[in-house]
């Protein structure tokens with residue numbers, strides 16, 4: 001019985017984010033929790049897919065900055081309601097991630113969505129923003145204790161900055177994991193440039209990060225034996 005109500009509620013949560021209907025979303029969140037349904041599922045299968053669709057609408061110039069901001073406000077309202085009810089494994093930080101858009105590129109909507117996914121999943125994220133100079137990326141990554149560096153580019157003219165960044169990072173700190181993404185970037189680029197991971201979108205990025213950080217954890221545990 002509950003399962004038959006869960007699907008429509010998840011779909012409504014998604015639509016409320018897309019249409020920035022905050023009051024409707026609040027009511028949906030309360031109904032969802034009153035039914036005793038999984039708050040984690042509400043976030044990852046309701047709210048987040050809604051914001052990912054908003055990102056697509058923005059990229060296609062159907063939505064613009066004002067709509068993006070209103071959708072984000074609706075999303076965060078839902079998160080505030082659900083987070084106290086989420087499992088501890090999601091609430092607590094499980095790793096430190098550095099993220100940014102490479103120098104010359106000011107397109108950051110994809111990076112922002114990925115960062116949001118990481119933060120909701122419980123990771124500690126340092127966001128360098130967009131158009132990040134190479135020396136800033138390197139200095140931050142090498143001088144602080146990060147488990148993973150994520151870099152993106154939405155332009156074919158700037159994505160090769162990632163190749164140089166990865167080379168420098170691997171030379172100076174071989175154990176540091178690196179993930180790349182962005183519209184012109186492919187899995188083949190990741191392989192050629194010796195990146196440890198690649199993701200075509202925000203949802204896949206979270207899965208890849210979890211796999212990479214689990215690998216790091218296992219390696220560290222084996223070294224302690």
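Of the residues making up the range 120-148, those that are assigned to a helix (DSSP H, G or I) and within 15 Å of residue 49 (Cα to Cα) number 1.
Rundown of residues vs (1) under 20 Å from residue 201 (Cβ atoms); (2) in a helix (DSSP H, G or I); (3) under 15 Å from the mean Cα position of the chain (by Cα), yes/no style:
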position	(1), (2), (3)
44	yes, yes, yes
51	yes, yes, yes
55	yes, yes, yes
71	yes, yes, no
74	no, yes, no
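A single entry from 219, 191 fulfils the requirement of being over 17 Å from residue 114 (Cβ atoms) and either modelled with pLDDT of 95 or more or touching a helix residue (DSSP H, G or I) at 6+ places or on another chain (Cβ under 9 Å) (or both): 191. One residue stands out among those in the range 132-148 that are free of Cβ contacts under 8 Å to residues at least 60 places away in the same chain and crowded, with 16+ Cβ neighbours inside 10 Å: the one that is nearest to residue 158 (Cα to Cα), which is 132. Note on the range 83-111: residues that are in a helix (DSSP H, G or I), at pLDDT 85 or above and in the same structural domain as residue 166 (by TED's automatic domain parsing) total 1.
Name the single residue that is surrounded by the most Cβ atoms within 10 Å (Cβ to Cβ) among those in the range 186-199 being touching a strand residue (DSSP E or B) at 6+ places or on another chain (Cβ under 7 Å) and part of a loop (DSSP other than H, G, I, E, B). For the range 186-199, the residue satisfying everything is 195.
Here's a check for you: in the range 168-185, which residue that is out of contact with any helix residue (DSSP H, G or I) (no Cβ under 8 Å at 6 or more places or on another chain) and part of a helix (DSSP H, G or I) is surrounded by the fewest Cβ atoms within 10 Å (Cβ to Cβ)? Checked the range 168-185; the qualifying residue surrounded by the fewest Cβ atoms within 10 Å (Cβ to Cβ) is 171.
The values are calculated or read from the model by the stated rules, or taken from the named source; none is laboratory data. Bear in mind the structure is a predicted one, so any value in this text is a computation, not a measurement. Neighbour counts run over all protein chains shown; Cβ positions are idealised from the backbone, glycine included.
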